[in-house]
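The values are calculated or read from the model by the stated rules, or taken from the named source; none is laboratory data. Just so you know, these numbers come straight off a predicted model, no measurement behind them. Glycine gets a Cβ as well: all are built from the backbone with ideal geometry, and neighbour counts include every protein chain shown.
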Amino acid sequence: MLRELSVANLALIDRLQLEFDQGLNILTGETGAGKSIIIDAVNLILGGRFSTELLRAGAEAVEVEAVFELAENRGNPDLARVLTEWGIPVGEDGLLVMEREARPGGRGRCRVNGRTVPVFALSRIGSALMDIHGQHAHQSLLSPGRQRELLDNFGGQAIKEKAEMVAALYERREAVREALSQVTLSEEEKARKIEFLTFQLQEIEAARLRPGEEEELTKEKELLNAAEELFSAASAAYSLLYGGDEPGAALDRLLESQQLLVKAGEIDPRLQPLAEVLGEAAVQVEEASRELRLYREKIEFDPEKLALVEERLDEIYKLKRKYGQGVPEILEYAEKIREELAMIEGEEERLAALTRELAEIEEKLAAVALELSALRKEAAAELEKAIQTQLAEVNMGKTIFEVAFSREKDEENGLPVAGEKLAVTRYGLDRVEFLVAPNPGEGLRPLAKIASGGELSRLMLVLKVVLAEKDNIPSMVFDEIDAGIGGRTAQAVAEKLLFLSRTHQVICVTHLPQIASMARRHFYIEKRTTAGRTKVDVRTLDREARVDELARMLGGAEVTATTREHAREMLALAASIGRGKS
């Protein structure tokens, strides 16, 4: 409920603070006193549009603050969801403080429980806290989605359970359809993809690549290209070391030097170790010469083999350009192709399974959605009767109210139902809309298109009374609900407002004493001029002040003893009605 409303610099309001009751709050005053300005303030804090015309002359900004008390014993999942979405905390006191500062040029700021939010967030939060009915447009009941929700709530547990089944089946259907979109290929696309992948795999497999092959071939190519150079080097080195019949070879010189030192070592033993070193060197040179001879004999002068090696390297190069930077990457790519081909082949089975599952789910969904529609239509018939009865009591007996159902075709994504493909959502097949014909001879029109603000307000009141126990929005404002009514109709509207205030906080601007007499808290709004400036003041009336105000409303400018007595009788009657309906 709205506990407090503080307003500064709004039109004729300099500064004021109102404390509302949880029941029926009535605002009265002379015509033009500024009652609608209070509604403007509520509309602003609920995210309504700001106009510079609302700014008090000489002021820089309009300031509005509202303190809402969130009752623990009344669930409001819509509010909980939006508060979570915007990350707004609620303390142990259960209070929600909404602040808005509006300036010309779109400047300003908004806060909820100290957290800065955009105006849009105020609107989202406000739509779960209050409805404003009448000349303002903040009316959640005008939305077809909200109307379907209220119809479902009116239908009770049976509709709730069936709607939950529909929602669960719908979500499963969407999941299966998404899975199908991931695996489904047309036969033409599938054949083309298999052909392409198979060609790539065959090309790689035909090459018979093996790890390390490219490095080996590259080395072999280098050796074949350098065969003559290697042969020449090996031959020259062999001649220098071993020499064959040529004098002066290294081996001959070493042996000759060894013999000389052996003889000299007989004279000087210190030369014997050197003779041994030269002997060992001669052995190593001889071994090296033998290895060089064998190496030279193995050198290949084979242009054909070189051509084959170069051809193989070229083949590997071409595969690298297509499939990877090297042989390991090419082989890895081939394995991926095998896996993809296996997946495509297995897709047939998965596709068949998903297709069967989708058909089963859609069959169940269609059946349950039709059952939900039938329950909704039963509830709609009851709702229409209840609304029609209530309308007669507020002087709208000739008004026709109807709950309309419609469905849309969707050939691409629709749900097969009785040979048609119908659009389906998690709420089922139905588009629900409240239709009204306020006057005889006029056709039924959507609730949002009713021209008369008074008719719309009374119709909203009737809907709220009928749906009072089902509606989660805790507070509502009725602005000028009494337009064009009086007498018995005014008394009926007053009693309905009192009834509604048992379960909801109600704030009502009225000109009728019958409605004002039902107030649990009565505010009187008046304009005053001080020091050349006009401003709006609001007073909370005690019982005697209420008698005077009701007398004014009954008798106009002249308040007499008779009108005061009549006012007291109205208050007594209202008290008795309150006790009787409590």
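Some notes on this structure:
- Residue, nearest to residue 323 (Cα to Cα), within region 337-365, restricted to residues that are touching a strand residue (DSSP E or B) at 6+ places or on another chain (Cβ under 9 Å) and touching a residue at least 60 places away in the same chain (Cβ under 8 Å): 362
- Check on residue 344, modelled with pLDDT under 90 and over 37 Å from the mean Cα position of the chain (by Cα): no
- In region 498-547, the residues that are modelled with pLDDT of 90 or more, surrounded by fewer than 20 Cβ atoms within 10 Å (Cβ to Cβ) and either under 27 Å from residue 130 (Cα atoms) or within 42 Å of the chain's Cα centre (by Cα) (or both): 520, 521, 539, 540, 541, 542
- Test for residue 431: is it surrounded by fewer than 17 Cβ atoms within 10 Å (Cβ to Cβ) and not hydrophobic (A, V, I, L, M, F, W, C): no
- Within region 548-582, the set of residues being surrounded by fewer than 12 Cβ atoms within 10 Å (Cβ to Cβ) and under 22 Å from residue 498 (Cβ atoms) comprises 572, 576, 579, 580, 581, 582.
- Whichever residue in region 6-46 is under 25 Å from residue 116 (Cα atoms) and touching a Phe, Trp or Tyr at 6+ places or on another chain (Cβ under 7 Å) and, among such residues, is surrounded by the fewest Cβ atoms within 10 Å (Cβ to Cβ): 18
- A residue that is among the hydroxyl-bearing types (Ser, Thr, Tyr), modelled with pLDDT of 75 or more and either in a helix (DSSP H, G or I) or within 60 Å of the chain's Cα centre (by Cα) (or both) occurs somewhere in region 246-269.
- Look at (1) surrounded by fewer than 18 Cβ atoms within 10 Å (Cβ to Cβ); (2) at positive phi; (3) touching a helix residue (DSSP H, G or I) at 6+ places or on another chain (Cβ under 9 Å) and you find that residue 480 fails only one, number (1).
Residues checked against (1) out of contact with any Gly (no Cβ under 7 Å at 6 or more places or on another chain); (2) loosely packed, with under 15 Cβ neighbours inside 10 Å; (3) more than 21 Å from residue 358 (Cβ to Cβ):
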{"site": "144", "(1), (2), (3)": "yes, no, yes"}
{"site": "150", "(1), (2), (3)": "yes, no, yes"}
{"site": "154", "(1), (2), (3)": "yes, no, yes"}
{"site": "157", "(1), (2), (3)": "yes, yes, yes"}
{"site": "161", "(1), (2), (3)": "yes, yes, yes"}
{"site": "170", "(1), (2), (3)": "yes, no, no"}
{"site": "175", "(1), (2), (3)": "yes, yes, no"}
{"site": "192", "(1), (2), (3)": "yes, yes, yes"}
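- Sole exception among (1) modelled with pLDDT of 85 or more; (2) more than 29 Å from residue 86 (Cα to Cα) for residue 125, by number: (2)
- Residues (at pLDDT below 90 and of a type in the set (A, V, I, L, M, F, W, C)) located in region 387-399: 391, 392, 394, 396
- Set 78, 21: member being out of contact with any Leu (no Cβ under 6 Å at 6 or more places or on another chain), charged (D, E, K, R) and in a loop (DSSP other than H, G, I, E, B): 21
- All helices (runs of 4 or more DSSP H) inside region 484-558 with 1 or more residues being under 30 Å from residue 57 (Cβ atoms) and among the basic types (Lys, Arg): 543-555
This table checks each residue for (1) in a strand (DSSP E or B); (2) more than 30 Å from residue 360 (Cβ to Cβ).
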{"position": "403", "(1), (2)": "yes, yes"}
{"position": "411", "(1), (2)": "no, no"}
{"position": "421", "(1), (2)": "yes, no"}
{"position": "432", "(1), (2)": "yes, no"}
{"position": "440", "(1), (2)": "no, yes"}
{"position": "462", "(1), (2)": "no, yes"}
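- In region 44-52 there is no residue matching the filter, namely being touching a helix residue (DSSP H, G or I) at 6+ places or on another chain (Cβ under 8 Å), of a type in the set (Val, Ile, Thr), more than 16 Å from residue 108 (Cα to Cα) and modelled with pLDDT of 85 or more.
- Verdict on residue 421 being loosely packed, with under 14 Cβ neighbours inside 10 Å, more than 30 Å from residue 512 (Cβ to Cβ), within 28 Å of the chain's Cα centre (by Cα) and of a type in the set (Lys, Arg): no
- Within region 384-398, residues that are within 9 Å of residue 459 (Cα to Cα) reach partners that are part of a loop (DSSP other than H, G, I, E, B) with beta carbons closer than 7 Å, at six or more positions or on different chains, in the pairs 391/397; 391/399.
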